[in-house]
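Peer 1: Could you have a look at this structure, given as structure tokens, before my questions?
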Number of protein chains: 2
Amino acid sequence: MHVMVIGAAGMIGRKLVEKLAAEPDDLGYDIAKLTLADVIEPSVPPGLASISKTLALDLSSQGIAARLIASRPDVIFHLAAIVSGEAEADFDKGYRVNLDGTRALFEAIRHESRNEAYFPRLLFASSIAVFGQPFPEKIGDEFFTAPLTSYGTQKAICELLLADYTRRGIFDGIGIRLPTICIRPGKPNKAASGFFSNILREPLVGQEAVLPVDESVRHWFASPRSAIGFFVHAARMDTAKIGPRRNLTMPGLSALVGEEIAALGRVAGEKAVRLIRREPDPVISSIVGGWATDFDARRARELGFTAENNFDEIIRIHIEDELGGKI
Amino acid sequence: MHVMVIGAAGMIGRKLVEKLAAEPDDLGYDIAKLTLADVIEPSVPPGLASISKTLALDLSSQGIAARLIASRPDVIFHLAAIVSGEAEADFDKGYRVNLDGTRALFEAIRHESRNEAYFPRLLFASSIAVFGQPFPEKIGDEFFTAPLTSYGTQKAICELLLADYTRRGIFDGIGIRLPTICIRPGKPNKAASGFFSNILREPLVGQEAVLPVDESVRHWFASPRSAIGFFVHAARMDTAKIGPRRNLTMPGLSALVGEEIAALGRVAGEKAVRLIRREPDPVISSIVGGWATDFDARRARELGFTAENNFDEIIRIHIEDELGGKI
């Protein structure tokens, strides 16, 4: 099988490729060929070098999607996007990359299948940003997508296209609505959501972290390991079970910031907790106050997608996957 | 004020323009200029000839939307679309006209407003085809859009764009999700929904009509007069009351085919009812069986949109508006 990862240089892309390197049988079929694409050249884990090809390209540029799809990948992980803040700051770029790039990919598959039978599986990274407040206490699988950002709008439109192209028999698509990924590896960043990870990741290595919101803030989380699990499961599952509603809110953990901190104390001790410095930031508090806090992700759970049940698990996964198993 | 109707040669477009001719103050402001556009040249009612300009054009052709918007209309009724059956039969044409044409219009407004302050009101004809079964008994205002046709997908995408462009302050948009219009004037056509109108319109003028489904079929209706009323109300209402959720399911009447027939009997007598010939058609029954039957259109009602309460009213409106008040 030929597997393609578009957006392979991003956090999810890199972790997905590492996972395929570590457990090559995990998709349930042999990977004969691996194509890794992104706007910057992605890296390849040593174990996969012999079967991999890397490409630096912009999916939204004329003719690029057709060139990618001419190699007829059997499974396509489409993770490429510009993030919410950038899509809001640059209207043209957001629509070009997040909407037109994705549509160009879908169209390239449609045109390729006209030449010779072609029906790839396509896994698309969507987001809970497709929802906009006000929300019910738990957002169910039939709650409407009324996004309040251009990023969320672009993701919601791509979801609609994915469902229609799938219904039309052009490809076998699944939209994966990711929770906020926590603990995000790497350095602290200025994304409004960064602190959810910072207040755990930094104290676990003895560094200070800033908490800009109240401990009573609730949000929706899954570990990077779960995120990769969603994509791997979606790539190998029996899609006949899904029906025409192809965009799925992934399971996650609804938790308070206070629960994050309590879990940190249990796993790493009060010394770690004392490294969290409270610096209330009304701007960040206001942005985060508009985000969804809880979902009833029933359909995805029934279809076999799983995530963590508490923050102790999320912290232990970070220690295993990022810190070599010890703190 | 400069008012523009795109799709002015269609049924809703023609009736809207006739209404503006008959009651020019109805929008709450003077119409100084009226631009009527469609793929075929629209007709102009005599009373409006001196202020009207007609255009035959395809909104989805390169540069056309910009040319239209260069005249800076204050109010834009965007009714142009190809219908559901055609959008399903011709994938390219459906996406080009229904999605790309609308997006080109929205983009033209965005670019026009960069030159000089410009903030038109934009009323967009959407459809209950944005919903796909299975449905709850009544579809509420927060039910998700999971369309099962390319037409419904295109309308749902345009709704998302409309809300985002409005949120961004590019125009002041309202998406009007129309019920099935009944009694549609004109000749019987082969649309799967045609019989809902045929079984009333034809007997009212002494002609036979065919009923291809069971009398227990339920559907969601509004008269042409109500449809025009939705657009006129949307054009003059205080949009500050709407908030960011700019796409509204219009009110309508949920009724059985049997209720249509009973109302026909009350208004036009049993002789008219005997002109309905039952010819069960399993294909039409199956298509219609997938359509929504009832809505709780609470938000639109609270915002002042109104429709009929029973089929007697719908039939009387047809007699007044199409048959000169008598049968």
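The values are calculated or read from the model by the stated rules, or taken from the named source; none is laboratory data. Keep in mind it's a predicted model, so treat the numbers as computed, not measured. Heads up, the Cβs are rebuilt from the backbone with ideal geometry, glycines too, and the neighbour counts pull from every protein chain shown.
Peer 1: Pairs needed: first member in region B:232-245, in contact (Cβ under 8 Å) with a residue 24 or more places away in the chain; second member anywhere, among the acidic types (Asp, Glu); C-beta distance under 7 Å; at least 6 residues apart or different chains.
Peer 2: Pairs that qualify, where the first residue is in contact (Cβ under 8 Å) with a residue 24 or more places away in the chain and the partner is among the acidic types (Asp, Glu), are B:Val232/B:Asp26; B:Thr239/B:Asp172.
Peer 1: Residues that are touching a residue at least 60 places away in the same chain (Cβ under 8 Å), away from chain B (no Cβ under 12 Å) and surrounded by fewer than 18 Cβ atoms within 10 Å (Cβ to Cβ): does region A:107-114 have at least one?
Peer 2: From region A:107-114, those touching a residue at least 60 places away in the same chain (Cβ under 8 Å) are A:109-110; that's our starting set.
From what is left, the residues that are away from chain B (no Cβ under 12 Å) are A:109.
Pick out the ones that are also surrounded by fewer than 18 Cβ atoms within 10 Å (Cβ to Cβ) and you get none.
So far as region A:107-114 goes, no, none of its residues is touching a residue at least 60 places away in the same chain (Cβ under 8 Å), away from chain B (no Cβ under 12 Å) and surrounded by fewer than 18 Cβ atoms within 10 Å (Cβ to Cβ).
Peer 1: Moving to a separate point now. Report yes if some residue within region B:79-98 is more than 18 Å from B:Leu178 (Cβ to Cβ), among the aliphatic types (A, V, I, L, M), surrounded by 14 or more Cβ atoms within 10 Å (Cβ to Cβ) and in the same structural domain as B:Leu148 (by TED's automatic domain parsing); otherwise report no.
Peer 2: No, there is no match, as no residue in region B:79-98 is more than 18 Å from B:Leu178 (Cβ to Cβ), among the aliphatic types (A, V, I, L, M), surrounded by 14 or more Cβ atoms within 10 Å (Cβ to Cβ) and in the same structural domain as B:Leu148 (by TED's automatic domain parsing).
Peer 1: Only one of (1) free of Cβ contacts under 8 Å to residues at least 60 places away in the same chain; (2) in a helix (DSSP H, G or I) fails for A:Asn309. Which number is that?
Peer 2: (2)
Peer 1: I've got another one for you. Check whether at least one residue in region A:183-190 is within 14 Å of another protein chain (Cβ to nearest Cβ) and either over 29 Å from A:Leu122 (Cβ atoms) or free of Cβ contacts under 8 Å to residues at least 24 places away in the same chain (or both), and report yes or no. Steps first, please.
Peer 2: Pass one, region A:183-190, residues within 14 Å of another protein chain (Cβ to nearest Cβ): none.
No, region A:183-190 has no match at all.
Let's see how each residue does on (1) assigned to a helix (DSSP H, G or I); (2) within 9 Å of chain B (Cβ to nearest Cβ):
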position: A:Gln154; (1), (2): yes, yes
position: A:Ile157; (1), (2): yes, yes
position: A:Thr166; (1), (2): yes, no
position: A:Gly175; (1), (2): no, no
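Peer 1: Restricting to region B:245-272, give me the number of residues that are in a loop (DSSP other than H, G, I, E, B) and within 14 Å of chain A (Cβ to nearest Cβ).
Peer 2: So the count comes out to 2.
Peer 1: Take the residues in region B:122-152 that are assigned to a helix (DSSP H, G or I) and out of contact with any Pro (no Cβ under 9 Å at 6 or more places or on another chain), then tell me which one is nearest to the other protein chains (Cβ to nearest Cβ).
Peer 2: Of the residues in region B:122-152, the ones assigned to a helix (DSSP H, G or I) are B:128-130, B:150-152.
With the extra rule that they be out of contact with any Pro (no Cβ under 9 Å at 6 or more places or on another chain), the set shrinks to B:150-152.
On the way: B:Ser150: 6, B:Tyr151: 10, B:Gly152: 9 Å.
Among those that are assigned to a helix (DSSP H, G or I) and out of contact with any Pro (no Cβ under 9 Å at 6 or more places or on another chain), it is B:Ser150.
Peer 1: Next question, about the same structure. In region A:273-299, how many are in a helix (DSSP H, G or I), among the aliphatic types (A, V, I, L, M) and modelled with pLDDT of 95 or more? Give the steps one after another, and end with the answer.
Peer 2: Going residue by residue through region A:273-299, those that are in a helix (DSSP H, G or I) are A:273, A:282-289, A:298-299.
Filter again for among the aliphatic types (A, V, I, L, M), leaving A:273, A:283-284, A:287-288.
From what is left, the residues that are modelled with pLDDT of 95 or more are A:273.
Of the residues in region A:273-299, 1 are in a helix (DSSP H, G or I), among the aliphatic types (A, V, I, L, M) and modelled with pLDDT of 95 or more.
Peer 1: So, one more: Name the single residue, out of those in region B:23-50 being of a type in the set (Gly, Ala, Ser) and under 20 Å from the mean Cα position of the chain (by Cα), that is modelled with the highest pLDDT. Quick ask: steps written out before the conclusion?
Peer 2: Just the residues of region B:23-50 that are of a type in the set (Gly, Ala, Ser), to begin with: B:28, B:32, B:37, B:43, B:47, B:49-50.
Add one more test, that the residue is under 20 Å from the mean Cα position of the chain (by Cα), and what stays is B:37, B:43.
Working: B:Ala37: 98, B:Ser43: 95.
Applying the filter and picking the extreme gives B:Ala37.
Peer 1: Could you check B:Ala56 against (1) under 21 Å from the mean Cα position of the chain (by Cα); (2) closer than 22 Å to B:Arg225 by Cβ; (3) of a type in the set (A, V, I, L, M, F, W, C) and say which number it fails?
Peer 2: Condition (2) is where B:Ala56 drops out.
Peer 1: Could you check region A:186-237 and list, in sequence order, the residues that are surrounded by 17 or more Cβ atoms within 10 Å (Cβ to Cβ) and among the acidic types (Asp, Glu)?
Peer 2: A:Glu202, the sole residue that qualifies.
Peer 1: A further question follows. Can you tell me how many residues within region A:65-92 are modelled with pLDDT of 95 or more, away from chain B (no Cβ under 14 Å) and in a helix (DSSP H, G or I)?
Peer 2: Residues flagged as modelled with pLDDT of 95 or more, away from chain B (no Cβ under 14 Å) and in a helix (DSSP H, G or I) within region A:65-92 amount to 5.
Peer 1: Then there's this: If I filter region A:228-244 for residues that are among the hydrophobic types (A, V, I, L, M, F, W, C), part of a strand (DSSP E or B) and in contact with a helix residue (DSSP H, G or I) (Cβ under 9 Å, 6 or more places away or on another chain), do I get at least one hit? It would help to see each step written out before you state the result.
Peer 2: Just the residues of region A:228-244 that are among the hydrophobic types (A, V, I, L, M, F, W, C), to begin with: A:228, A:230-232, A:234-235, A:237, A:240, A:242.
Retained after the next criterion (residues that are part of a strand (DSSP E or B)): none.
Scanning region A:228-244, I find no residue that is among the hydrophobic types (A, V, I, L, M, F, W, C), part of a strand (DSSP E or B) and in contact with a helix residue (DSSP H, G or I) (Cβ under 9 Å, 6 or more places away or on another chain), so the answer is no.
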